[in-house]
């Protein structure tokens with residue numbers, strides 16, 4: 001045996017079956033598995049970047065300002081109308097249920113403001129943000145640079161949709177917080193009289209208000225997915241925003257035409273105002289559950305369509 005053969009380590013002999021078969025040395029420590037931490041950190045960083053993009057835009061801040069101003073206008077109008085002791089809607093008390101209760105309890109201003117903003121103002125804000133999420137990046141030429149990063153198109157789309165959902169919550173909370181501040185400043189606050197006539201403590205009313213805010217924010221996830229899908233179809237941010245808001249207005253009109261009642265239960269805004277059933281004892285859940293199921297269906301359908309379009313799209317801008 002040569003000197004080279006006697007000094008060689010195990011597994012390096014010509015006749016070693018492990019060497020001949022290409023198997024690694026058993027004495028060598030196995031390579032550690034690839035860590036998923038960098039991917040998670042990158043995903044969180046991507047989500048944070050999307051949030052900064054959304055909430056730093058002057059357009060977004062203007063939309064939030066408009067939403068915050070609605071409770072102020074409603075509160076001042078109710079205060080002026082009821083300063084002589086009359087009720088909202090005239091001496092016969094013929095106003096909407098939430099508005100009638102504002103002068104007795106300022107907490108109801110939050111519910112009335114959500115009922116006033118949900119048909120148009122809140123969804124319009126969501127439509128603008130969702131419609132601009134992908135198309136806005138494409139129009140400025142930054143989308144292709146984002147796709148060069150190791151995030152992948154699916155992860156980028158999820159981050160954008162998560163930012164849209166975060167804006168849904170933020171916009172709803174802006175309305176609620178503004179209404180609470182104005183309502184508690186202009187009107188008395190105490191036990192809450194529900195729409196069913198029962199009276200509950202203020203703490204119970206606040207918890208119901210938080211649940212209503214969550215339901216209102218959840219009512220917008222279908223529209224967010226629809227706007228995201230439209231945003232993947234064009235490179236024009238303004239065009240995507242206009243198309244989303246225009247489609248919203250069209251669907252709202254269809255939802256209010258009695259002759260089209262057969263299709264109305266399948267429209268995403270049909271059960272939006274079901275959150276009012278939380279202010280009953282017991283709570284009526286049928287409309288609320290139908291609304292949540294419909295929103296999840298829209299989110300699944302248009303979210304999948306957005307993913308299919310975005311992952312196969314030839315991004316040149």
- Which one is modelled with the lowest pLDDT, of the residues in the stretch 147-162 that are over 14 Å from residue 313 (Cβ atoms) and surrounded by 21 or more Cβ atoms within 10 Å (Cβ to Cβ)? 159
- So which helices (runs of 4 or more DSSP H) are wholly in the stretch 197-306 and hold at least 1 residues that are more than 18 Å from the chain's Cα centre (by Cα) and surrounded by 15 or more Cβ atoms within 10 Å (Cβ to Cβ)? 202-218, 237-255
- Among all residue pairs at least 6 apart or on different chains, which show Cβ distances below 9 Å where the first residue, located in the stretch 289-307, is without any contact (Cβ under 8 Å) to a residue 60 or more places away in the chain and the second is surrounded by fewer than 14 Cβ atoms within 10 Å (Cβ to Cβ)? 290/265
- Any idea which of 66, 78 is at pLDDT 95 or above, farther than 30 Å from residue 153 by Cα and part of a helix (DSSP H, G or I)? 66
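The values are calculated or read from the model by the stated rules, or taken from the named source; none is laboratory data. What you see is a predicted model; the values in this text were computed from it and never measured. As a convention, Cβ positions derive from the backbone with ideal geometry for all residues, glycine included, and neighbour counts pool all protein chains shown.
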